[in-house]
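Notes follow the structure.
The values are calculated or read from the model by the stated rules, or taken from the named source; none is laboratory data. These figures come from a predicted structure and were not determined experimentally. Note: ideal-geometry Cβ built from the backbone for every residue, glycine included; neighbour counts use all protein chains shown. Remember, those area values only see protein heavy atoms, side chains included, never the ligands or the DNA or RNA. Shrake-Rupley method; radii C 1.70, N 1.55, O 1.52, S 1.80 Å.
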Amino acid sequence: MRKTIIELKRADLTLGNAAASVHVLKDIDLEIAQGEAVGIVGPSGSGKSTLLMVLAGLERLDSGEIHVNGAPLHRLGEDALADFRGKNIGIVFQSFHLIANMTALENVAIPLELANVRNPFDIARKELEAVGLGERLRHYPGQLSGGEQQRVAIARALAPSPAVLIADEPTGNLDSETGRQIADLLFAQQAERGMTLVLVTHDLALASRCSRQVRVASGRIAADATASARHPENQPA
């Protein structure tokens with residue numbers, strides 16, 4: 001039986017104030033095992049991206065509990081939470097979030113330097129080579145295609161060897177072919193490293209590649225199915 005690496009208990013979150021407040025997450029329970037690839041899907045406004053930000057330690061619950069890799073994130077102070085996140089959770093966003101005046105190598109290495117990791121540029125070079133950018137180390141984001149920029153962002157997320165990789169619409173800003181290549185890269189790296197991958201996507205084809213899909217609607221989990229449950233015809237007789 002695989003270790004539970006993410007656990008939410010009675011997770012509840014309201015965003016905004018007074019009349020503008022929105023009850024985004026409502027009493028959610030969720031467990032994700034080490035090494036799983038989980039796609040979070042649902043309509044716009046359902047709460048799926050907020051759920052992902054909670055899992056990434058970027059949003060605080062109003063009530064309930066969240067444990068990631070054994071740590072109670074709901075109890076950690078801001079400094080401890082930031083330190084934990086930097087060592088345990090890699091995050092890939094739709095819009096890359098690269099620093100324009102830094103090279104690809106610097107974009108990957110700087111977070112490692114700030115975390116006092118030894119040999120940050122050696123690690124950054126290795127990670128960029130792993131995502132197919134060994135010849136683009138000295139290029140700036142403006143000199144890279146969208147797909148290449150997302151590869152830099154993935155290398156940056158993978159550099160600390162996180163236990164969990166969080167991806168928010170990782171192919172949303174890319175054309176279909178480039179998006180497929182980025183998806184191939186994400187799943188290949190996830191399988192090779194034994195990481196847990198949790199991604200939010202509107203792309204049902206991308207979500208179907210996950211071993212499990214969690215559907216969110218109106219702030220609650222509406223469905224939770226493994227690949228075998230979705231495709232029983234693929235099961236042995």
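A few notes on this one:
- Yes/no for residue 206 being at pLDDT below 95, touching a helix residue (DSSP H, G or I) at 6+ places or on another chain (Cβ under 7 Å) and open to solvent by less than 20 Å² (accessible area, probe 1.4 Å): yes
- Number of positions in region 100-114 that are open to solvent by less than 80 Å² (accessible area, probe 1.4 Å) and under 23 Å from residue 84 (Cβ atoms): 6
- Within region 40-90, being of a type in the set (Ser, Thr, Tyr), open to solvent by 40 Å² or more (accessible area, probe 1.4 Å) and under 18 Å from residue 200 (Cα atoms) holds for 44, 49.
- Selection of region 115-160 for residues being more than 16 Å from residue 102 (Cβ to Cβ), in a loop (DSSP other than H, G, I, E, B) and open to solvent by 10 Å² or more (accessible area, probe 1.4 Å) yields 115, 116, 117, 118, 119, 132, 134, 135, 145, 160.
- Against the numbered list (1) under 21 Å from the mean Cα position of the chain (by Cα); (2) at pLDDT 95 or above; (3) of a type in the set (Val, Ile, Thr), residue 103 comes up short only at (1).
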